[in-house]
1. Give me the percent of the accessible area of the chain that comes from carbon and sulfur atoms, probe 1.4 Å, all protein chains in place.
2. Of the chain, which part is the longest with no trypsin sites (Lys or Arg not before Pro) in a loop (DSSP not H, G, I, E, B) and with at most 10 other C-beta atoms within 10 angstrom?
3. Using alpha-carbon pairs under 8 Å, 6+ residues apart, how would you state the relative contact order of the chain in percent?
4. What length, rounded to one decimal in nm, is gained on full extension from residue 106 through to residue 47, with 0.36 nm per residue of separation minus their alpha-carbon distance?
5. Which whole-Hz couplings ³J(HN,Hα) result when phi for each residue of the stretch 65-74 is put into the Karplus expression 6.51 cos²θ - 1.76 cosθ + 1.60, θ = phi - 60°, listed in order with x for Gly and Pro?
6. Calculated from the structure, Rg and Dmax of the Cα atoms in Å equals which of (i) 14.6, 42; (ii) 15.1, 48; (iii) 31.2, 107?
7. Please give the calculated 222 nm ellipticity per residue for the chain, where each DSSP H segment of at least 4 residues contributes -39500 (n - 2.57) and the sum is spread over every residue; nearest 500 deg cm²/dmol?
Amino acid sequence: MKQIEEYVNTVYRNVDGDKNEIDELKEEMQSHLLEAAYELKEKGMSEEEAIKIAIGNFGDKKHIIKGLSEFFNVQKLFARYILLFSLVSLVLGAIFFVNTYLKIHDFKEERGIIMNNVLPS
């Protein structure tokens, strides 16, 4: 059923996202369409009719493409926010570390000065 494979490929042709995830979604969509077409063929329809009805029942191609594009755009936006949050956390952690290190260093210097003043050489 080459027509179903071609239909699925046209739906995913311009979808931009993770290749593995797109391949999984394409496989799943094709599997559902093939299953629906086989069921329709078992009910006595020709292969051509079964494919046409299965694709028609799956939904409007434009809406599917729009939904996929929105899904992957939201996914990318979420990934950007996670990356930004991670970078901000890294910078704040580095600032906290340097600040703590400097305070410990200052404390050691002050302790050395005090110890030198308290304990005569």
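The values are calculated or read from the model by the stated rules, or taken from the named source; none is laboratory data. Worth saying up front: this structure is predicted, and the values here are computed from it rather than measured. Because the Cβ atoms are built from the backbone with ideal geometry, glycine has one as well, and the counts that use them run over all protein chains shown. Ligands, DNA and RNA are excluded from the accessible area calculation, which covers all protein heavy atoms including side chains. Shrake-Rupley method; radii C 1.70, N 1.55, O 1.52, S 1.80 Å.
1. Values: 5890 of 9740 Å².
Roughly 60 percent of what the probe reaches on the chain is carbon or sulfur.
2. 44-121
3. Value for the chain: 25 percent.
4. My answer for the length gained is 13.0 nm.
5. Once rounded to whole Hz, the list reads 4, 4, x, 5, 4, 5, 4, 5, 5, 5.
6. Of the listed options (i) 14.6, 42; (ii) 15.1, 48; (iii) 31.2, 107, (iii) comes from this structure.
7. -31000 deg cm²/dmol
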